[in-house]
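Inspection log for the structure reproduced underneath, given as structure tokens.
Taken together, the values in this text are just the output of simple stated rules run on the coordinates, not laboratory data. Since the structure is predicted, the reported quantities are computational estimates derived from the model, not experimental observations. So basically every Cβ, Gly included, is an ideal-geometry build from the backbone, and we count neighbours across all protein chains shown.
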Amino acid sequence: MYKERTLLQKINLFLKGLAMGGANKVPGVSGGMVAFVMGFYEELIYTFQKINATAFKFLFKGKFRSFARYTNFQFLVWVMLGSMFSYFSVSLILDYFLKNYELYVWAWFFGMIIGSIYYISKDFGEWNIKSFISLAIGISIGLAISFMTPAKENDNLWFVFVCGIIGVSGMTLPGLSGSFILILLGNYVLLLVDSVNVLGGVIAAMFSGDFSAFKDAVKVRYLKIITVFTLGSAFGLVSISHVLGYVLKRYHQIVTAIIIGFISGSLGIVWPWKKTIYKIEEGKFLLDKQGNKIIENYQRFIPDIQQYETWIAVGFILLGISLILIIDHYGKRRA
């Protein structure tokens, strides 16, 4: 699958990584689904599968060119650079719009997910009993996860490592939001807000020659947490990709049916018209260090429809659907 890419193709991969990384940080949205819709999901899984014993043999023997070709390293670098950069750019923009234009953002995501269901289903092929059972299983799992009650924050490093494995699942499993799972585990703010903000501040300070952060016990704690979380994520990417590569190859239709069902069942997480009916106890889980409520829109909701806002939101739903259809049309033309 390795191939040399032009500068334009590299930039395109970087932008896809931006989109995937931004989606990974938004609860209810899956980076894997973005990869699926944008047409690089299978190459992503294939590339992670190639990080194995053979790859490390090339690396330890100093055969860097062979290592790069075997692991499709060029593809991986540009996608992951985009994904990591999004945590300090695109995701911050998404955070702003979620805080100020929540209804329209969720409407847009809702439309994109509906469009994604169509995108994945259109080339499914013939449906049979196994496919429908798999679809039902996927819907059931998606619904069950969307109604789970979040846990409390836990900063034990072993648990943070597990969160890394589970949280990164959104990059490899279309429809499964790693960020939403982190909310259910109680560590969304700790891992994707506080730790990322501290890391960004430390990096910025280091560029200006200030290394005092390494003497600050609080900042060192957050740096340890983000390091362990990153290691867990890397381990999860490789291990889950190997399992997925195996099952996709042997049970492609069944897995695809489960993915379609899972995405359909999790639509309730991003339902645009929301009114709180369940509220977690005030505390760190709901507040950032400045006292701003940054995840209150991830509580349990019932419809709360506003008149003119509803029509605008419907427009954003149609925009989201249209965007997927345009991507599909573009993909067909390229094919």
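Please give the length that would be gained between Ala217 and Asn154 if that part of the chain were fully extended, namely 0.36 nm times their separation in residues minus their C-alpha to C-alpha distance (nm, one decimal).
Details: separation 63, 0.36 × 63 = 22.68 nm, distance 1.81 nm.
Value of the extension gain: 20.9 nm.
Whole percent per 5 Å bin, from 0 to the bin with the longest distance: what is P(r) over all C-alpha pairs of the range 168-236?
3, 16, 22, 22, 15, 10, 7, 3, 1
Could you check the spin-label model distance between Leu231 and Asn128? Points 7 Å from the Cα along Cα→Cβ, value in nm.
The modelled label-to-label distance comes out at 4.6 nm.
In whole Hz, with x marking every Gly and Pro, tabulate ³J(HN,Hα) for the range 35-51 from phi via Karplus 6.51 cos²θ - 1.76 cosθ + 1.60, θ = phi - 60°.
So the J values, rounded to whole Hz, are 4, 4, 5, 7, x, 10, 5, 5, 5, 4, 5, 4, 5, 5, 4, 7, 7.
Which value in nm describes the separation of the simple spin-label points at Ala144 and Met84, placed 7 Å from the Cα toward the beta carbon?
It works out to 3.6 nm between the two label points.
Say R0 is 30 Å: what FRET efficiency, to the nearest 0.05, do Ala53 and Glu4 get from their beta-carbon distance? Before the final figure, lay out each step's value.
On the way: r = 26 Å, r/R0 = 0.86.
With a Förster radius of 30 Å, E is 0.70.
Compute the length gained on full extension between Lys63 and Ser208: take 0.36 nm times their separation in residues and subtract their Cα-Cα distance, giving the result in nm to one decimal. Present the calculation step by step, with values, prior to reporting the outcome.
Values: separation 145, 0.36 × 145 = 52.20 nm, distance 3.60 nm.
Extra length available between Lys63 and Ser208 comes to 48.6 nm.
For the peptides 122-130, 247-255, what is the packing order when you average, over each peptide's residues, the other Cβ atoms within 10 Å and list the highest mean first? If you can, show how the numbers build up before the last one.
On the way: 122-130: 9.8, 247-255: 14.0.
My ranking of the peptides, most packed first, is 247-255, 122-130.
Ranked from highest to lowest mean number of other Cβ atoms within 10 Å per residue, what is the order of the peptides 100-111, 7-18?
Values: 100-111: 20.1, 7-18: 16.5.
Averaged packing, sorted descending, gives the order 100-111, 7-18.
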